[in-house]
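Asks: The structure that follows is given in the form of structure tokens.
The values are calculated or read from the model by the stated rules, or taken from the named source; none is laboratory data. Just so it is clear, the model here is predicted, and its values are computed rather than measured. Methodologically, a virtual Cβ is constructed for each residue, glycine included, from the backbone with ideal geometry; neighbour enumeration extends over all protein chains shown.
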Amino acid sequence: MESKKNNHRGHLVSVFFVALFLSMMLLLNVYASYCTEQEALGKSCILTAPTKYPLNITFSACAVDDDCTVYVLGNNRNIKNASVVVSGAINIQGYTNDDGKFKFSPDKAGNIKIKAEKDGYYKAEGDFSIKRATNINIEIPDNIEANREINIGIKNSKGKGIKT
């Protein structure tokens, strides 16, 4: 009987120290990765440091006045609500949507830097460029007379006037 009491006390002391250890580890930002049920102690957890995944930025070729899209992925998933900062030839910032996309329409050509950040992930950045608009519409009047001035309109593919 005495050995059963000592065994029970030893079990209680072990459970106390395991609980104390788990509490201390949680305060140090260490999270349980997985737990398994055990008869004697109830629950046993394997503790690991929180895992951070790198973010990946994808940015396809884009030109002035196009609808440009930045894709942000992490751990092979679309990352929503990631902070995106575009700087350089243009400066804009915002957050990705539910599909991990951040859209913008640049009004200038040039080099840009794109940075993406999200808690729990390593930030990403990359250098890209915005091309000049390549599709233009030139409006020439139908009735042209010799030795007369004419007005010609030049617009991009979205109908916006192009500065010369």
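This table checks each residue for (1) at pLDDT below 95; (2) among the β-branched types (V, I, T); (3) closer than 24 Å to A63 by Cα; (4) in a loop (DSSP other than H, G, I, E, B).
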site: V85; (1), (2), (3), (4): no, yes, yes, no
site: D98; (1), (2), (3), (4): no, no, no, yes
site: K108; (1), (2), (3), (4): yes, no, yes, yes
site: K115; (1), (2), (3), (4): no, no, yes, no
site: A133; (1), (2), (3), (4): yes, no, yes, yes
site: I138; (1), (2), (3), (4): yes, yes, yes, no
site: D142; (1), (2), (3), (4): yes, no, no, yes
site: E149; (1), (2), (3), (4): yes, no, no, yes
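Conditions (1) loosely packed, with under 13 Cβ neighbours inside 10 Å; (2) outside the structural domain of D65 (by TED's automatic domain parsing); (3) without any contact (Cβ under 8 Å) to a residue 60 or more places away in the chain; (4) more than 30 Å from N78 (Cα to Cα), marked per residue:
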site	(1), (2), (3), (4)
F104	no, no, yes, no
D119	yes, no, yes, no
I140	yes, yes, yes, yes
N147	yes, yes, yes, yes
K155	no, yes, yes, yes
G161	yes, yes, yes, yes
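Asks: Tally time: how many residues in segment 106-117 are closer than 18 Å to D65 by Cα, out of contact with any Asp or Glu (no Cβ under 8 Å at 6 or more places or on another chain) and in contact (Cβ under 8 Å) with a residue 40 or more places away in the chain?
Replies: Qualifying residue count for the region: 2.
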